[in-house]
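Everything below concerns the one structure shown next.
The values are calculated or read from the model by the stated rules, or taken from the named source; none is laboratory data. On a predicted model such as this, the values are computed, not experimentally measured, just so you know. Note that we place each Cβ from the backbone using ideal geometry, even for glycine, and neighbour counts take in every protein chain shown. Please note that ligands, DNA and RNA were not included when accessible areas were found on the heavy atoms of the full protein model with its side chains. Shrake-Rupley method; radii C 1.70, N 1.55, O 1.52, S 1.80 Å.
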Amino acid sequence: MKVNKIKITYLSVIYAGESLIKAILPLFFVNIFNYIVKKEYKMAMILLVIQLIGYIMYVIYNNVLNNTDAKIKEEIKNEIKYNLALKINNQKAKDIDSNKVLSWTINDVEDIINNYIGGICEIVGCVSLIVFSVITLVYYSYILFLACVILSIFTYYIPQLFVKTLEKKQKDLNTAEGIYLKKIKNILYGIMNFIYSNKQNNFIFAIDRTSNKLKEEYLKTFKFNKKYNVFINFVIALSNVILYAIVYIMIYYNYVSLGLFTAITDVFNNFNQSIISFSSLIAKIKVGKSILNKFDKELVCDLVEKKDVKNIDNITFDDFGLNFQERTIIKNFSFKINKNEKYIILGKSGSGKSSLIKSILGLISYDGVIKINDEDINTFNMKSIYNNITYISDENKIIYANIYDNIALFSKYDKKKMDEILKILKLDHIDKDKTLDETILSTGEIQRINLARVLYNQKNILILDEALANIDAENRSNIIEYINSKPLTLLYITHHIDDNIKYDYKLKIPNLN
């Protein structure tokens, strides 16, 4: 997956500018102190004022950097989410895992921004600071530069011992966060099961246990990072003590001016900390890059060009079979669905009647052959098939938006047509500007809103999978009357026949259980 290189480059340049200011400001102390020693107080005061202005400018620059950093990272984050959505949209329906998608858009995108994008900008600032610090050290003394290099070599290779462990800890934490989200989502969706069983304490226990497992993984990473930072800080402190001794000796033998003593710690720390940070930033970028590359590996699009189907005249099942968890639920089943005919598909729970229909939509794998217009369904672009078929079941969800956007799915809509359908389905009482939530709607209202979506976006083939089960008799009668009046192909999946629905054929799924 590509990221916006122009924005990253722009942000990196700003980070480099900050490094330049950080490298220059400490040098004023050297000259100020030297002028004081020479009793040239006027020049010392002028430089002191200039340095004060410099620090004010640095504070302003740093504030601009932080604001720009936040803005650009949010823009890049949204671009990544958009590109991720495009990739997900190009997947086969059966390959889309909602739990993975949730983890990708919340955890992984955040890690890409913090580790990869943030790491690139930080390493540009880090390298810039190294370069500016080297120039400063060489300017004052080659011997001082060599001393700093020798001290830094030791501190540079220390983090290398921890790179693999840091990488592993971060990956383990990412994995734990993904598992946590999946489990929490599952537990929250099942909250009513706990309530109906009067097991609310078990619900609290399940949430707590799942949260504690993530906490344990987080604390492992935190403790390791804390020990690592303490050790690195000790190495830095030891290096500073040695450097002070070297500078003191050089001043004693007149190799450098006395004023350098005031700034050498800042100059060396800029140089040394940048060296130390370099390897950890490389590791950070690698982690972020591996997450970014994961999308290209796991979201492989089918590049085989396929035909579009404009109109579906018939759908044929030849020797169709379905297997679930090594158990055959449908075997050698054949039948043909013709245009503008209405079918009732009957079967007991678990007989595979819903799965049979989902196979047309590419949601599950199957045995045998499915044909559209007497050609194998696999020769057609699945999106063009979706242009002909509307599928609705009790799995359809309400979108967190107003009723118009719920039905039109954020497309431009015909308000007059929309209001007519809302009136037929007795949904016209719902506030059109109010954001819908499943907690404020009845089960019947939710199903009628999903039906409104189907009726508004009317296509040639309508599949109702137990879609009228929770709708009251009067509304169900009005809906069936509306459907019966339309020239469309109807597949009505149910476990019992509804006498109000007009149908041409009855297909019974054999029970192999």
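Overview of results
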item: Unmet requirement for A93, which otherwise passes all of (1) of a type outside the set (D, E, K, R); (2) over 16 Å from S277 (Cα atoms); (3) within 14 Å of the chain's Cα centre (by Cα); result: (3)
item: Criterion (open to solvent by 80 Å² or more (accessible area, probe 1.4 Å), without any contact (Cβ under 8 Å) to a residue 40 or more places away in the chain and within 22 Å of G288 (Cβ to Cβ)) met by exactly one of I53, I60, I6; result: I6
item: Near pairs, Cβ below 7 angstrom, 6+ apart or cross-chain, from segment 318-336 (open to solvent by 90 Å² or more (accessible area, probe 1.4 Å)) to any residue that is assigned to a loop (DSSP other than H, G, I, E, B); result: K331/L512
item: Qualifying residue in segment 157-168 (condition: at pLDDT below 80, outside any helix (DSSP H, G or I) and surrounded by 13 or more Cβ atoms within 10 Å (Cβ to Cβ)); result: yes
item: Contacts under 7 angstrom Cβ, first residue in segment 74-94 being farther than 22 Å from K383 by Cα, partner open to solvent by less than 80 Å² (accessible area, probe 1.4 Å) and basic (K, R), 6 or more apart; result: E75/K7; I76/K7
item: Scan of segment 201-256 for residues that are among the hydrophobic types (A, V, I, L, M, F, W, C), within 30 Å of Y189 (Cα to Cα), open to solvent by 50 Å² or more (accessible area, probe 1.4 Å) and modelled with pLDDT under 85, ordered by number; result: I204, F205
item: Residue ID - nearest to N269 (Cα to Cα), chosen from residues in segment 116-136 that are more than 31 Å from the chain's Cα centre (by Cα) and of a type outside the set (A, V, I, L, M); result: S133
item: Hey, K502 in contact with a Lys or Arg (Cβ under 8 Å, 6 or more places away or on another chain), surrounded by fewer than 20 Cβ atoms within 10 Å (Cβ to Cβ), free of Cβ contacts under 8 Å to residues at least 60 places away in the same chain and part of a loop (DSSP other than H, G, I, E, B) or not; result: no
item: Selected residue [assigned to a loop (DSSP other than H, G, I, E, B) and either in contact with a Lys or Arg (Cβ under 8 Å, 6 or more places away or on another chain) or surrounded by fewer than 18 Cβ atoms within 10 Å (Cβ to Cβ) (or both)] from G362, G368; result: G362
item: Any hit, segment 174-187, residues being in a loop (DSSP other than H, G, I, E, B) and surrounded by 12 or more Cβ atoms within 10 Å (Cβ to Cβ); result: no
item: Answer residue from segment 188-200, given it is part of a helix (DSSP H, G or I) and over 21 Å from S103 (Cβ atoms) and is most open to solvent (accessible area, probe 1.4 Å) among those; result: Y196
item: Odd one out for S152, checked against (1) crowded, with 19+ Cβ neighbours inside 10 Å; (2) among the polar types (S, T, N, Q); (3) over 21 Å from N233 (Cβ atoms); result: (3)
item: Residues of segment 477-499 classified as open to solvent by less than 50 Å² (accessible area, probe 1.4 Å), assigned to a loop (DSSP other than H, G, I, E, B) and modelled with pLDDT of 80 or more, total; result: 1
item: Matching residues in segment 67-119 - criterion: being open to solvent by less than 40 Å² (accessible area, probe 1.4 Å) and hydrophobic (A, V, I, L, M, F, W, C); result: I72, I76, I80, L84, I88, A93, V101, W104, V109, I112, I113, I117
item: So K169, is it basic (K, R), in contact (Cβ under 8 Å) with a residue 12 or more places away in the chain and closer than 30 Å to S359 by Cα; result: no
item: Count of segment 436-458 residues which are part of a loop (DSSP other than H, G, I, E, B) and either over 31 Å from the mean Cα position of the chain (by Cα) or closer than 19 Å to K423 by Cα (or both); result: 5
item: Lone unmet requirement of (1) farther than 23 Å from F132 by Cα; (2) aliphatic (A, V, I, L, M); (3) in a helix (DSSP H, G or I) for V309; result: (3)
item: Segment 459-476, residues that are part of a helix (DSSP H, G or I) and surrounded by 19 or more Cβ atoms within 10 Å (Cβ to Cβ); result: N475, R476
item: Which listed residue, of K383, K426, K416, is open to solvent by 40 Å² or more (accessible area, probe 1.4 Å) and on the phi > 0 side of the Ramachandran plot; result: K426
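Matching residues to (1) aliphatic (A, V, I, L, M); (2) open to solvent by 60 Å² or more (accessible area, probe 1.4 Å); (3) closer than 30 Å to Y140 by Cβ:
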| position | (1), (2), (3) |
| --- | --- |
| L258 | yes, yes, yes |
| V267 | yes, no, yes |
| N272 | no, no, yes |
| S277 | no, no, yes |
| V287 | yes, no, no |
| K297 | no, yes, no |
| K307 | no, yes, no |
| K310 | no, yes, no |
| I315 | yes, no, no |
